[in-house]
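Here's the structure, in structure tokens; my notes come after.
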Amino acid sequence: MSSSAVPPAAPLRALRPDWLSNPKVWRTEVLAGLVVALALIPEAISFSIIAGVDPAVGLFASFTMAVVISIVGGRRAMISAATGAVALVIAPLNREHGLGHLIAAVILAGVIQVVLGVLGVAKLMRFIPRSVMVGFVNALAILIFMAQVPEMRNVPWAVYPLIIGGLALMVLFPRITTVIPAPLLSIVILTAITVGAAIAVPTVGDKGELPSSLPVPGLPDVPFTLDTLTTIAPYAFAMALVGLMESLMTAKLVDDITDTHSDKTRESVGQGIANIVTGFFGGMGGCAMIGQTMINVKVSGARTRLSTFLAGAFLMVLCIAFGPVVSDIPMAALVAVMIMVSFATFDWHSVAPKTLKRMPAGEIGVMAITVATVVATHNLAIGVVLGSVTAMVVFAKRVAHLAEVTAVIDPDNTTVVYRVTGELFFASSNDLVGQFDYANDPEKVVIDLSAAHIWDASSVAALDAIGSKYAQRGKSVEIIGLNDPSADLHGKLTGELTSH
């Protein structure tokens, strides 16, 4: 055998996950998963209340979503679980038709997400501008903080020093060591203080009863009829879109934070598979969770699928085996963690006076509209869609003014050459017709489009209108300089866009 041959074990080592061979990575991933699991419990219970279902339904959803997406998802270290956005979408269905229809809608939403993923819906992410992304992140940080406000109202005075103490621990402890995640240490210390000193403050147990056994697979309790399908389809479609929007936006955010690439198509399909599995196990469905993902990636430093898997696994272990202990965790400890996540998530650079002075007004407006919409509706998908539409309008308005027309008349005064520069589309072509001197131009008119590009039917119609105006005055028009795509589009549509 040649000395340069690669031993058979080398390729296997290359495929081996980092956490199998690196104790430091293993420790980081395990502890990150534990912190996320602790943070998931009260959130899942709260979202169950929003959806109008038993807390176990939300907790089961968080367990199955996290475990399944850790295997089939396209973004490592991202956390998927029961979410508020999904809860808001399906709450009316549960209220009007019951849990069986809700579960059936979750399964159908998963099927829709798989189909959308296969069809390439993830490619639409390229059309979301940076200003919308920044607005999405900032709005999310605000929502995370706002979600903690109810936990600080009408509570015993001891809650406030506990929250301040938790924040202080998370700020100061990493300066000493990062071996143990600061959020985990904060939760343990605050729990020990409240239990040891018998301090009466709201706890996780006050949110609802934790499940005592694993979920059992089964079919939704609904009649399998066309009537059922028409009832659940609108809710399933809305859930599929909201879930994919939040998941893909969160994946893109994690890509930026970790400076790595994720497979958005695989993530779209994975979200669908996770929701299908969750539905068959009686869960309320879900999508990517930005808050818990930030705890996992930004605060705890996790980077692999192991942390996502363990977040779901630890969630069930904590509920079933350590339910009484978990129930004693003060909500103040988890509130402190989420406030820290909110602060870390917000893009402070985007609102710095120095940045705002340099940023175009349109970009600032798009960011502000995205933030305001998300905060007002508590729906990230609506904010992203409205922000993207606003950005497109701003872009179209800006580009529309870039089309210029200059005229040069031959010395013998028999020909005029109009040189058109810029992009011709529906916004810019509207102004094009008014930039020609139909009455005073000589008999021959040449329109030079060598420095322009025709993008749509509106531009072809505008050129036809120009030709018609000259023809009415007995003058001829010649169009020259078309590039191949523009010539092809113009050739297909010219003369076909007006009634005869």
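The values are calculated or read from the model by the stated rules, or taken from the named source; none is laboratory data. Because the structure is predicted, anything quoted here is derived from the model rather than measured. With ideal geometry, Cβ positions are generated from the backbone for all residues, glycine too; neighbour counts draw on all protein chains shown. To get the accessible areas, we keep the full protein, side chains included, count just its heavy atoms, and leave off ligands, DNA and RNA. Shrake-Rupley method; radii C 1.70, N 1.55, O 1.52, S 1.80 Å.
Figures for the structure shown
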| quantity | calculated |
| --- | --- |
| Close pairs from region 182-195: first modelled with pLDDT under 90, partner among the hydroxyl-bearing types (Ser, Thr, Tyr), Cβ under 9 Å, at least 6 apart | ALA182/SER300; PRO183/SER300; LEU184/SER300 |
| Inter-residue pairs, beta-carbon under 9 Å, first within 13 Å of ALA104 (Cβ to Cβ) and in region 221-243, second open to solvent by less than 70 Å² (accessible area, probe 1.4 Å) and outside any helix (DSSP H, G or I), 6+ apart | ASP221/GLY98; VAL222/GLY98; THR228/VAL222; THR231/VAL222; ILE232/VAL222; MET239/GLY285; MET239/CYS287 |
| Residue in region 157-165 that is of a type outside the set (Phe, Trp, Tyr), open to solvent by less than 40 Å² (accessible area, probe 1.4 Å) and not in a helix (DSSP H, G or I) present | yes |
| Set ILE364, ILE382: member being open to solvent by 30 Å² or more (accessible area, probe 1.4 Å), assigned to a helix (DSSP H, G or I) and at pLDDT below 85 | ILE382 |
| Matching residues in region 409-436 - criterion: being part of a strand (DSSP E or B) and either at pLDDT below 85 or of a type in the set (S, T, N, Q) (or both) | ILE409, THR415, THR421 |
| Count of region 199-217 residues which are open to solvent by 30 Å² or more (accessible area, probe 1.4 Å), over 14 Å from LEU162 (Cβ atoms) and among the aliphatic types (A, V, I, L, M) | 2 |
| LYS357 vs. criteria assigned to a helix (DSSP H, G or I), surrounded by fewer than 17 Cβ atoms within 10 Å (Cβ to Cβ) and either acidic (Asp, Glu) or modelled with pLDDT under 85 (or both) | no |
| Of all residues making up region 253-272, the number that are in a helix (DSSP H, G or I) and either crowded, with 20+ Cβ neighbours inside 10 Å or among the hydroxyl-bearing types (Ser, Thr, Tyr) (or both) | 11 |
| Flag for ASP347 being in contact with a helix residue (DSSP H, G or I) (Cβ under 7 Å, 6 or more places away or on another chain) and acidic (Asp, Glu) | yes |
| Meets criteria (open to solvent by 10 Å² or more (accessible area, probe 1.4 Å), within 28 Å of VAL317 (Cβ to Cβ) and in contact (Cβ under 8 Å) with a residue 12 or more places away in the chain) for ILE107 | yes |
| Matching option when the condition is in a helix (DSSP H, G or I) and exposed (fewer than 15 other Cβ atoms within 10 Å of the Cβ), among ALA439, ALA462, ALA376 | ALA376 |
| Checking ARG473 against (1) among the charged types (D, E, K, R); (2) under 46 Å from the mean Cα position of the chain (by Cα); (3) not in a helix (DSSP H, G or I), the condition it does not meet | (2) |
| Filter result (surrounded by fewer than 17 Cβ atoms within 10 Å (Cβ to Cβ), assigned to a helix (DSSP H, G or I) and out of contact with any Leu (no Cβ under 7 Å at 6 or more places or on another chain)) within region 166-192 | ALA168, VAL171, LEU172, PRO174, ARG175, VAL188, ALA192 |
